[in-house]
Amino acid sequence: MTITDHFSTSSVILDAAPGNKAALLDQLAAEAAGRSGRPAPEILEALQAREKIGSTALGRGVALPHTELADLAAPVVLFARLQRAVDFDARDDEPVDLVFLALWPASNRKGLLAAMAEICGALRDPQSLRRLRGAKTPDDAAHIFIQAVAQDEDDGDCNDAPSGF
């Protein structure tokens, strides 16, 4: 099973307009709540707790907020492209405009690590980032990401990312 098994056109949010990191996490939690059947406040609290450990910004304008939730029935993966980049406390000081959210059942920690590795591997290619930033429709963005995952021949361990998890 790969990350693309949990990702489709309906996972894409184009031109989100949060004013800051907190508003972005709130918006993603609300969207994920509708897909997971879990309360948005619970998701938001888990995402905020993870961010307190350290920013999930990867650098180059990309963030990967993620968390595990007990009793989550199935993973939820979302992609949001922002109208305007927001500060996400990235090590490279670049604001974030591309965000992948991964919510994972706590019973499958290895699955979360594998999913994050796949996302990182797919986003290593600057062309993939450029194409995601220029995607015209959610279908285009989903196709670009799925293609990037398929083309990633590296081990996907996020070693090129300026910050870790």
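The values are calculated or read from the model by the stated rules, or taken from the named source; none is laboratory data. Source: prediction; values computed, not measured. Note that each Cβ is placed from the backbone with ideal geometry, even for glycine, and that neighbours are counted across all protein chains shown.
The table that follows gives values for the structure above.
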| item | result |
| --- | --- |
| Failed item in (1) within 23 Å of Ala114 (Cβ to Cβ); (2) among the polar types (S, T, N, Q); (3) in contact with a strand residue (DSSP E or B) (Cβ under 7 Å, 6 or more places away or on another chain); (4) in contact (Cβ under 8 Å) with a residue 40 or more places away in the chain, with Thr67 passing the rest | (4) |
| Failed item, numbered, when Ile53 is tested on (1) on the phi < 0 side of the Ramachandran plot; (2) in contact (Cβ under 8 Å) with a residue 60 or more places away in the chain; (3) surrounded by fewer than 18 Cβ atoms within 10 Å (Cβ to Cβ); (4) not hydroxyl-bearing (Ser, Thr, Tyr) | (2) |
| Among residues of the range 1-21, those that are closer than 19 Å to Ala63 by Cβ and free of Cβ contacts under 8 Å to residues at least 12 places away in the same chain, counted | 0 |
| Residues (farther than 24 Å from Ala49 by Cα and over 14 Å from the mean Cα position of the chain (by Cα)) located in the range 11-39 | Asp15 |
| From the options Asp89, Asp71, Asp97, Asp93, residue that is charged (D, E, K, R), farther than 29 Å from Ala150 by Cα and surrounded by 14 or more Cβ atoms within 10 Å (Cβ to Cβ) | Asp89 |
| Residues located in the range 22-44, provided they are under 19 Å from Ala85 (Cβ atoms) and either without any contact (Cβ under 8 Å) to a residue 40 or more places away in the chain or hydrophobic (A, V, I, L, M, F, W, C) (or both) | Ala22, Ala23, Leu24, Leu25, Asp26, Leu28 |
| All helices (runs of 4 or more DSSP H) inside the range 84-165 with 1 or more residues being modelled with pLDDT under 95, closer than 24 Å to Glu31 by Cβ and hydrophobic (A, V, I, L, M, F, W, C) | 109-123, 138-151 |
| Scope the range 110-132; condition surrounded by fewer than 18 Cβ atoms within 10 Å (Cβ to Cβ), more than 18 Å from Asp5 (Cβ to Cβ) and touching a residue at least 60 places away in the same chain (Cβ under 8 Å); matching residues | Pro126 |
